[in-house]
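Here is the structure we will look at, set down as structure tokens.
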Amino acid sequence: MDYIGERLLPGQFGQFFIILSLIASLIATFAYFKATTSKIPGDKESWKRLARISFITEVFSVIAIIGIITFINFNHFYEYLYAYKHTNLSLESKYLLACTWEGQEGSFLLWSFWHCILGLIVIKTGKQWEAPVMTMVSLTQFFLATLVIGIYFFDTKVGSNPFVLLRNETPAPLFSRPDYLSFIKDGDGLNPLLQNYWMTIHPPVLFLGFASTLFPFAFAFAGLWTKKYTEWTKAALPWALFSAAVLGLGVMMGGMWAYESLTFGGYWAWDPVENASMVPWLTLVAGIHTLLIFKNTGRALKPTFLFFIFCFGLILYSTFLTRTGVLGDTSVHAFTGEGNTLLYHLLIFMSAVLIPAFTLFFFNSRAIPSVHQEESSSSREFWMFIGSLVLFLAGLVIIGKTSVPLFNKIFGTNIALPEDVEFAYNRIQIFVAIVIGALTAITQYLKYKQTSGSFFWKKILLPTIISLILSTAVLAFGNINYTKQGLGFLIAIWVAIVSSIYAAIANFGYIWIGMKGKLKLSGGSITHFGFALMLVGILISSAKKEVISHNTSGIFVPLGEHNKITGDPGENLTLVKGMPMDMGNYTVTYESDSVHPKKPLWYYRIHFKSKDGKDDFILRPNAFVNYKGNESLMASPDSRHYWDHDVYTYITSLRNPQVLKDTISFKDSDIKVGDTIFYSAGYMILEQITSRDSLPEELFGKDGALYEARVKVHSKNNTSYTAIPKLAIAKGGVLPVTDTVISENLVLKLNKVEGNKAELGIKETDSILDYVTLKAYIFPFIRILWLGVIIMVAGFIISMVRRNELNKISRQAEDLDFSKQQNG
């Protein structure tokens, strides 16, 4: 059957390039393997040429695949399932680009793309390490290609193809019609919470970080495979530093995205996907420190091998956790998975890469050089190694807690997640912060191998005194009184703040005391200084985070069940349009709203004015309302940034803005005092009817009257309200005066009164008035956190550049020596 309007050529090209990528990566793996193992120089070069041609072919194929997917998305070719699931006509170009990597298939291709780019750098610069390193890179690329091949192997589907057709994947009679495309007006589109500029920049950076961890691992693997147990470290260190910079930046960009776009009131919630990306980074940083120990003392080479193997293994394990659906409902970020097929596929991937690495390590363990003499406790390497172990163990605790749903599935247990997930992590990691802060402060002031007490105290005394003075001032005047989790946790926060300030001051001081202000040589101190600032920013902004949106309006609206977004209902302030209300030190007014021209995205203009008149600004939080028929609120926050704090607010409830006019009429009921009337969300009782005397004759006339009905409204959520509708009889006319119960969407009207009987009109409506309910925080000194991230990443890059320069000088010296030997 010919299907009208289908454009099959892009998909056919895409499928061709997927197969070409798969074959090219397999050939590159084999050719690089032969280039590594061959003993004949001529054969080595021949295999290497074939491997390079194959890898470059793979690079071209991956770029072509991504380009074709992007082309299909931008042109809304809805005959392709990927375009239908991830795009729609209302998306701007930047979000259409982001659709390329929103799905499983696209994100695997983005990962593969960065392997291609970094692999080309190894081909250009790797020299003797090219063949063994690129064997592992090409093998990894082969498995990534199988994840998007989408073919059946003995009735088992292998991978998920981004070029499958909608009609082949959707069992519905419509798709058997040749003109089915004429009935498809639009696609599902990008998840509303992902329609943010961070979606265009965060995933590429994070996946570059993921991809970069392969290379320290591949160098370690190459060192074991070729039995060059020490030589690999020189080439691997710049790669490890680059990976730490990019992966760390990617992880914290995720925190910045959450802070700016999500509504859990912060930048880190210990979500499983957040955890799964941070733990490999902690392990990588541990490996960098043990590698530095080895380069300076000859110690800790075995742990370095293990840390780099574990780092990439944890990247694969995090992919397994977040892609297969094993996390269930514990993460808002995890993919739902594709059943057991993807689960077994990723298990095979992990096994094929990690089993050879661990096998080589254990078989070569005795041959790996090591120093058997114990380190001095006054040496730099001793405390660096302790710090590395603390980082690694902290990561194991995090990944262990994250893996509870998986443990439950494997062992049939029913281990429940803690009620307060954040505190379950924080109560452990706060002590990690204390230890790491202290070690980061003191370790650089120690010498390798051994340090005299007089030398150590001479160098560190001034930073210690300054840190004590500053810490005392912060604790004395900073009003850090986070008592939510008790006095013990508050004391731990205080100690962690002191430790972090100490780390910041000591490392900043070491740039001048130890490195004489030479920034090019101070990459380590700059990195530690940035990391310490991050800790200070995290501790102060979290411990002093203040809710300012306490409900002072007396208006209570339905917020659903108590959850992380709304929190305590009393911490949500409802603003009536045009009515100023108190919010902390501000007077806040909901001024206006507007809607996106192409999608149900509403923007709300909220005017903040400080009560002292010194501050005046507008915030514009937004929300998707009833997106794609989903009757829910998907809100994004907005913030006002100051040097010492942020005002952060987001919407937790609002009247449906799509209800433009009230079409519901009153339902009249005859009722007497004491009777009950039910409505959709509860019931009401007419308690009494009263009449007013001594009415002004000029308004009501001689026979005028004013009646009031006191009605008690009881809602399903055990909240009660009092409404008093009135009936005025003035100069022969009858004028009902309605009363409203805003939170129940009720309007009551008194139509007639006869003694203790009345006719009461009841209307349930969404159109009583315009309102929004907000939650707002003050985040103090949060910019210290973001500044710390920037400085930390800069420190890693400075260190990487310095190591590359040293390696270049070393290679030039080796080439010169070789030339002298050749010339006799």
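The values are calculated or read from the model by the stated rules, or taken from the named source; none is laboratory data. Because the structure is predicted, anything quoted here is derived from the model rather than measured. Cβ coordinates were reconstructed from backbone atoms using ideal geometry, including for glycine residues, and neighbour counts include every protein chain displayed. Just so you know, the surface numbers come from the protein's heavy atoms only, side chains and all, with ligands and any DNA or RNA stripped out. Shrake-Rupley method; radii C 1.70, N 1.55, O 1.52, S 1.80 Å.
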Nearest 10, in degrees from 0 to 90: the angle of helix 782-822 to the longest Cα principal axis of the chain is 20 degrees
For semi-axes √(5λ) of the Cα gyration tensor in Å, with candidates (1) 45, 37, 27; (2) 104, 38, 23; (3) 60, 37, 21, the value calculated from the shown model is option (3)
The answer for trypsin sites (Lys or Arg not before Pro) in the range 153-200 that fall in a DSSP coil and have at most 14 neighbouring Cβ atoms within 10 Å is LYS185
Nearest 10, in degrees from 0 to 90: the angle of helix 214-225 to the longest Cα principal axis of the chain is 30 degrees
Heavy-atom accessible area of LYS44, protein chains in place, probe 1.4 angstrom, given in Å² to nearest 10, is 70 Å²
Under a 1.4 Å probe, counting only protein heavy atoms, ILE729 has an accessible area in Å², nearest 10, of 50 Å²
In nanometres, the difference between 0.36 nm per residue of separation and the alpha-carbon distance of SER720 and LYS520 is 65.2 nm
So the carbon and sulfur contribution to the accessible area of the range 227-323, 1.4 Å probe, in percent, is 68 percent
Regression test value, accessible area per residue of the chain, probe 1.4 Å, units Å², expected 46 Å²
Ranking ASP668, ASP644, ASP693 from most to least accessible area with a 1.4 Å probe gives ASP693, ASP668, ASP644
Residue span PHE13 to THR359: 0.36 nm per residue of separation minus Cα-Cα distance leaves a gain in nm of 120.5 nm
Using alpha-carbon positions, the gyration tensor of the range 281-430 gives root eigenvalues a ≥ b ≥ c; with a/c under 1.5 called rounded, otherwise prolate if a/b exceeds b/c, else oblate, the class is oblate
Computed over the chain: longest principal axis from alpha-carbon atoms vs helix 421-442 long axis, angle to nearest 10 degrees, is 40 degrees
Expressed as a percent, the accessible surface of the range 457-532 that is carbon or sulfur, using a 1.4 Å probe and the full set of protein chains, is 75 percent
Between the alpha carbon centres of the range 437-515 and the range 203-233 the gap in Å comes to 34 Å
Zone reached by a paramagnetic label modelled 7 Å from GLU697 Cα along Cα→Cβ, restricted to the range 721-737 with backbone N below 17 Å, covers 730-732
Largest-first ranking of LYS124, LYS726 by accessible area, probe 1.4 Å, whole protein assembly kept, is LYS124, LYS726
Expressed in angstrom and rounded, the centroid-to-centroid distance over alpha carbons for the range 1-68 and the range 275-291 is 32 Å
Helix-only [θ] at 222 nm, the chain, -39500 (n - 2.57) per DSSP H run of 4+, per residue, nearest 500, equals -17500 deg cm²/dmol
Here the gain from full extension of LEU97 to ILE677, 0.36 nm per residue of separation minus their alpha-carbon distance, amounts to 203.3 nm
The percentage of the accessible area of the range 634-747 (probe 1.4 Å, all protein chains present) made up of carbon and sulfur atoms, to the nearest whole number, is 49 percent
Rounded to one decimal in nm, the spacing of the 7 Å Cα→Cβ label points at GLU814 and ASP186 is 6.0 nm
The correct ranking of TRP270, TRP512 by accessible area at 1.4 Å, largest first, is TRP512, TRP270
